[in-house]
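Please treat every number below as a calculation from the coordinates, not as lab data. Worth saying up front: this structure is predicted, and the values here are computed from it rather than measured. Positions of Cβ are backbone-derived with ideal geometry, glycine not excepted, and every protein chain shown enters the neighbour counts.
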Amino acid sequence: MSIARASRSIAVYHEHPDWFKPLFAELERRGVSYERVDAASHSYDPSESAADVPFSLVFNRASPSAYLRGHAQTTFYTLHWLRHLERLGIPTVNGSAIYALELSKASQLDLLHSLGLPYPRSRAINNPARAVAAVRDAGLRYPVLVKANVGGSGAGIVRYDTEDALASAVARGDVSLGVDGTALVQEAAPLRDGHITRVETLNGEYLYAIDVYPAQGSFDLCPADACQRTDGVELVRGACAVDAPQTGLRVQGTTPSRDIIAQVEQIARAAELDVGGIEFLVDDRDGHHYFYDVNALSNFVADATNVVGFDPFVQLVDYLEARRRSSDHAPRPNGALGSPTAHRWSQETPAGALP
Ligand SMILES: Nc1ncnc2c1ncn2[C@@H]1O[C@H](COP(=O)(O)OP(=O)(O)O)[C@@H](O)[C@H]1O
Ligand SMILES: [Mg+2]
């Protein structure tokens, strides 16, 4: 069955029940035609043609932390579906390249290394029995973090302050490498001024940045869960369930240096990140900055207007609309294997410029 081009909408492919409420609200406010597609229960026909796909654009909002919500089936399936769509020439936002990177903290470090950018000293391992030796061989300083390769929202990150603590955890069988049996062993840096910085990008360009002050002992820095500005102002957490617990996470708008913004944009473009946040910390021991996380499933900070002075969902939906319009005007390719996927969308398309 072929579907009339005019009836095609934007698919928002996701499994988290709450995170995308502000996105849906902005799409609805503007009357944009969109469809929620359940990433946790989905099927596709490998033999379908581009004309059968009822979407102008597929916005991938699948999260590597889906397994924590009983949705482990989405993690690798999403990659297969995105690759299928891209073979057909269906435009995707945060497509297979960045999603594959999002699924591997190890590959993120490879990307940073290839760009000549700083990241915390680390080793990748596929067996907990290698953890202690990896720290020694690499000369990592304790404390170290063992980070599951497939993570998100701090999942699967454990800190070990001494070699004894790490060796005992391994001996007890307590070190889990997560869903792909891979983990990073990484130096844990003392955070200068007690915060990390998360820089959001859209279409490979800087959007805004926030300093995030983790709650004591927590690795979950989902900015959408932030409940307070550093000056104590309570934030409205639009992306969270109404009864979500207060996390103790505090945030503050900031503007990184021009050099760091340029590096973040370099990472975003190399990673084929259409929308997402890149995190860095400043190691208090040497004062240098280190990138350590590339997030494609970027939740904008809660109550953004109160934190960074504008609502980034407006820019995001401008971008989605522009991508959709350009898709509606473009001929659909025949879906031959190896057809190129334009990742960094050019504003020279008929869609009109973004603000
Ligand atoms: N090398 C590090 N040193 C100190 N803190 C870190 C380091 N890596 C991560 N963290 C802390 O843990 C949080 C989660 O780590 P991250 O790699 O971003 O995983 P996730 O993908 O779960 O967000 C970070 O935001 C930061 O607060
Ligand atoms: Mg992170």
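Positive-end ranking of I267, A124, S327 along the dipole of the chain, with charges on Cβ about the Cα centre, is headed by S327.
Taking other Cβ atoms within 10 Å as a rough exposure proxy, R324, R229 sort from fewest to most as R229, R324.
Given +1 on the Cβ of Lys and Arg, -1 on the Cβ of Asp and Glu, and no further charges, what dipole in debye does the chain carry about its Cα centre, rounded to the nearest 20?
Dipole magnitude for the chain comes out near 500 debye.
For the chain, modelled as a Gaussian network with Cα springs under 10 Å, which listed residue fluctuates most, L68, L117, L320? In the Gaussian network model the winner is L68. Largest GNM mean-square fluctuation across V170, V275, V58, computed for the chain with C-alpha springs under 10 Å, falls on V170. Of all alpha-carbon pairs in the chain, indicate the percentage at a distance above 32 angstrom. Counting every Cα pair in the chain, those more than 32 Å apart make up 31 percent. Among S326, S47, S56, the largest mean-square fluctuation in a Gaussian network model of the chain (Cα springs under 10 Å) belongs to S47.
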